[in-house]
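The values are calculated or read from the model by the stated rules, or taken from the named source; none is laboratory data. Worth saying up front: this structure is predicted, and the values here are computed from it rather than measured. Here the Cβ positions follow ideal geometry from the backbone for every residue, glycine too, while neighbour counts run over all protein chains shown. Quick note on the areas: whole protein, heavy atoms, side chains included, nothing else; ligands and nucleic acids left out. Shrake-Rupley method; radii C 1.70, N 1.55, O 1.52, S 1.80 Å.
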Amino acid sequence: MEVETVLVTGANRGIGLEFVKQLVQLTKPPLYLFATYRDETKIQALKEIKDASKETEIHLIKLDVSKTEEIENARKIVAEVVGDRGLNLLINNAGAARWLGFPDITEEDLVFHFKTNTVGPVIVFKEMLPLLQISAKHKSTGVDVSKTIVLNISSTAGSIAVLTDTNPLWREYLSVMGYRISKTALNMAMRVAALSVKDHGILVVNMCPGWVKTDMGTDRAMIEVSESVSDMMKMLPQLNVTHQGAFLDRHGNTIPY
């Protein structure tokens, strides 16, 4: 896999941090990598990767995806650095989850999840679109990860079809109502976006990383973060125009919406 310019949101921990680690370890790593974080007191791991990186110029950007002004500022920083290279790969990873089900669910909880997990990624994509378009114009034919792609980290939890009472964990899954709703909305939003930009040479894909052992996934999860990200990294070069707007697991299998 070869990409020159990459933006990873929510990169100071979990899946986002692992993407940064594995991207800079590629045989041909990115020239520029932009890693965003929300809390400046929790970026020591990112700083260590930045300081150790020899081939990739890493820029750390403060970004709360629920704040439009911070998204706009991030776009300005990225644009100033990449110039006419544009942005090859946007990994919309930042997200949040709280455990609350029905009927205990609150308006505040629903809005919190929607702003972070749905609105945030959409506005990040919208703001970075001109830079993605610049990248796409440099390529002649086809679309793959070596060209221009938006990877949205979604979740099987957002699949309406999967949520049935035949699933052995279905009762437990009901306890993350706001999260599930927001991921379902993200899937639809990015399906719309994917079809809207399909003629621009920008591939848009939603992918579930699996139940990963992170702060959000908890220690009860079944997959190590390194395994999850490694699987997704292996899948990226295999994606093509037939995957436009697809909802996939980390191995490339289709997940029903």
> Where in the range 157-257 are there helices (runs of 4 or more DSSP H), lying fully within it, with 1 or more residues that are touching a strand residue (DSSP E or B) at 6+ places or on another chain (Cβ under 8 Å), crowded, with 17+ Cβ neighbours inside 10 Å and touching a residue at least 12 places away in the same chain (Cβ under 8 Å)?
Replying inline: 177-196, 225-235
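For the range 1-68, list the strands (runs of 3 or more DSSP E) that sit wholly inside it and hold at least 1 residues that are modelled with pLDDT of 95 or more and open to solvent by 10 Å² or more (accessible area, probe 1.4 Å); which are they?
So the answer is 32-37, 57-62.
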> In the range 62-103, what residues are among the β-branched types (Val, Ile, Thr) and within 15 Å of Leu33 (Cβ to Cβ)?
Replying inline: Ile77, Val78, Val81, Val82, Ile91
